[in-house]
Ligand code: NAI
Ligand code: MN
Ligand code: ZN
């Protein structure tokens, strides 16, 4: 079989590898579709601190089970599945409090272990989530990015009355907009980015007001309208954003951080405690595949609004380069296998 391997930073090779045999408790997935994410590009370029090389990248993938290991019901053969990339031990402290996404022995497919940019992938059977027939292949491959939004919103229980402010209209900002509008029916969702084309995408995903803070002052615009956000989500992830969010937030607001910057953020405690703000962080997803499958079944979100390109896997280098270089036109890029 062919697998897309990052042999070392900046060296991507489509290798011929032996077909994997699923171990006990695992299934083998014949991959049909996969999605390119920022972290794939970071591993390719050597910017992901968790990655070990060589690595088959890809943690957003969909396919059909074509073999099962010992102890797995053969009734699973032929099932259409999307794979949850988060592999956890199930018994450490973090797992016991419902956070398998930060398990003490966390393994993420495509990061710590070979992932889904491959014709076949062996994965734990419980990570291969069955997709109802009503959900198309293209929607099924988009479940993982939406689980990030399910995890973010799960921390803060948005309400219709919230005034939400989202920093960043990349894929992560857009999935969050769709969750806030489509699932939680938040009346006012404001999105800020520096790229007009991305802000247009945010509008198509349901944003009520978009602001380009490359040429306008976000604090001044909010002040002028007397708006104090009650829910702020940082899906742009520059270290300077946290202090701005603290300043703009309404008393009792919630702020969710998604970034992995190693640069310090300078913040003033008084701004947090004086308004009794709650600051959350969100990483990957904690068992959110069933949540997003439910959203899709009910038609509450529309992944098509994020998909801008599709390539055959043989052209993966072109696909990743386009994804990296063209933030104006490019959002989610799919690979077909
Ligand atoms: P992206 O790079 O496509 O989007 C980020 C957007 O933020 C861009 O459109 C950019 O123009 C905008 N931006 C940058 N600085 C800004 C600022 N100061 N104000 C307003 N907009 C600004 O990235 P993507 O894929 O949407 O991911 C966003 C962030 O989320 C990344 O930092 C990524 O590492 C992180 N991430 C976190 C996850 C988690 O589970 N915590 C999962 C996936 C991504
Ligand atoms: Mn992803
Ligand atoms: Zn664990």
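Just a few scattered comments:
- Of all residues in the stretch 68-82, exactly one satisfies the criterion of being touching a residue at least 60 places away in the same chain (Cβ under 8 Å) and either assigned to a loop (DSSP other than H, G, I, E, B) or closer than 16 Å to residue 288 by Cα (or both), namely 82.
- Qualifying residue in the stretch 201-209 (condition: more than 19 Å from residue 332 (Cβ to Cβ), out of contact with any helix residue (DSSP H, G or I) (no Cβ under 7 Å at 6 or more places or on another chain) and surrounded by fewer than 24 Cβ atoms within 10 Å (Cβ to Cβ)): yes
- Candidates 270, 314, 329 - the one that is assigned to a loop (DSSP other than H, G, I, E, B) and modelled with pLDDT of 95 or more: 329
- Qualifying positions in the stretch 215-236 - part of a loop (DSSP other than H, G, I, E, B), touching a strand residue (DSSP E or B) at 6+ places or on another chain (Cβ under 8 Å) and farther than 17 Å from residue 331 by Cβ: 227, 228, 229, 230
- The strands (runs of 3 or more DSSP E) found entirely in the stretch 92-181 that carry 1 or more residues being within 23 Å of residue 328 (Cα to Cα) are 163-167.
- Exactly one residue out of 191, 177, 186 is touching a helix residue (DSSP H, G or I) at 6+ places or on another chain (Cβ under 7 Å), away from ligand 1 (no atom under 15 Å from the Cβ), assigned by TED's automatic domain parsing to the domain that holds residue 220 and farther than 17 Å from residue 279 by Cα, and it is 186.
- Test: residue in the stretch 130-151 that is over 25 Å from residue 39 (Cβ atoms), at pLDDT 95 or above and assigned by TED's automatic domain parsing to the domain that holds residue 235: no
- Yes/no for residue 203 being farther than 20 Å from residue 157 by Cα, part of a loop (DSSP other than H, G, I, E, B) and modelled with pLDDT of 95 or more: no
- Candidate set: the stretch 34-77, residues that are away from ligand 2 (no atom under 12 Å from the Cβ), under 18 Å from the mean Cα position of the chain (by Cα) and surrounded by 23 or more Cβ atoms within 10 Å (Cβ to Cβ); chosen: the one farthest from residue 306 (Cα to Cα): 44
The values are calculated or read from the model by the stated rules, or taken from the named source; none is laboratory data. Treat the numbers as computed from the prediction; the structure is a model and nothing was measured. Cβ: placed from backbone, ideal geometry, glycine included. Neighbour counts: every protein chain shown.
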